[in-house]
1. Report Arg127's accessible area, 1.4 Å probe, all protein chains in place, as a number in Å² to the nearest 10.
2. Just how many % of Cα pairs in the chain lie over 20 Å apart, if you round to the nearest whole percent?
3. Restricting to DSSP H runs of at least four residues, report the calculated mean residue ellipticity at 222 nm for the chain, -39500 (n - 2.57) per run over all residues, nearest 500 deg cm²/dmol.
4. Could you tell me the center-to-center distance, by alpha carbons, between segment 134-181 and segment 33-74 in angstrom?
5. Given a 1.4 angstrom probe, what's the average accessible area per residue across the chain, in square angstrom?
6. Binning at 5 Å from 0, report for segment 31-120 what percent of all alpha-carbon pair distances ends up in each bin.
7. Find the Rg to Rh ratio for segment 85-186, where Rh is the Kirkwood radius over alpha-carbon pairs and Rg uses the same atoms.
8. Carbon and sulfur: what percent of the chain's accessible surface (1.4 Å probe)?
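The values are calculated or read from the model by the stated rules, or taken from the named source; none is laboratory data. Keep in mind it's a predicted model, so treat the numbers as computed, not measured. Ligands, DNA and RNA are excluded from the accessible area calculation, which covers all protein heavy atoms including side chains. Shrake-Rupley method; radii C 1.70, N 1.55, O 1.52, S 1.80 Å.
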Amino acid sequence: MTTTDRNMMGKITFYEEKNFQGRSYECMSDSSDMSSHMSRCQSCRVESGCFMLYEKNNYMGQQFFMRRGEYNDMHRMQSMGMMFDNIRSCRMIPFHRGQFRMKIYEKENFGGQSNEMMDDCDNIQDRYRMSDCQSCNVMDGHWLMYEQPQYRGRMMYMRPGEYRSYRDMGMSGQRFMSMRRITDMC
């Protein structure tokens, strides 16, 4: 493994207690069910890379983006927008080189008005005159979508692929109003 490959990998360590105490679980890739490794997560340390944390198994439910840093009290993360206190799965976000492209649709199943994006958008209502985004096709890059303008509220990680309905991802009734590219290596 080269130094470049090592720099592209991620590493996150979860702890059952605050301040990095108690039983721990080290993760360097996706983990669809963390419950066999630990009963709860009260703190974590992201040593490298970026990760999405999920409130439910199999990458479902509410999500939260984590970049390199130390998080000694997960309950304090609510002030940063984390809206759940149970972490049940996590996904490593690979670093993307190259262009970013995503086509967003106003309705499910790629219906209604559509627009292709190549950069961040802090408000789809202002930029595209779209009242909602209920499906998308991510062609290049990795994106974060937010329920409110200005990159606020609940978020969802989107990697290349077609997303006909966000309900299939455990995000029932979710609408997204702003989108941001994940451009850093964290």
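1. Rounded to the nearest 10, the figure is 110 Å².
2. Values: 9320 of 17205 pairs.
The proportion of pairs with Cα distances above 20 Å equals 54 percent.
3. Details: 2 runs with 11 residues, N = 186.
For the chain, the value works out to -1000 deg cm²/dmol.
4. 19
5. Values: 9210 Å² over 186 residues.
Result: 50 Å² of accessible area for each residue.
6. Reading the bins upward from 0: 3, 12, 18, 19, 16, 14, 10, 7, 2.
7. Working: Rg = 12.9 Å, Rh = 13.7 Å.
Result: Rg/Rh = 0.94.
8. On the way: 3670 of 9210 Å².
Taking all protein chains in place, the chain shows 40 percent carbon and sulfur surface.
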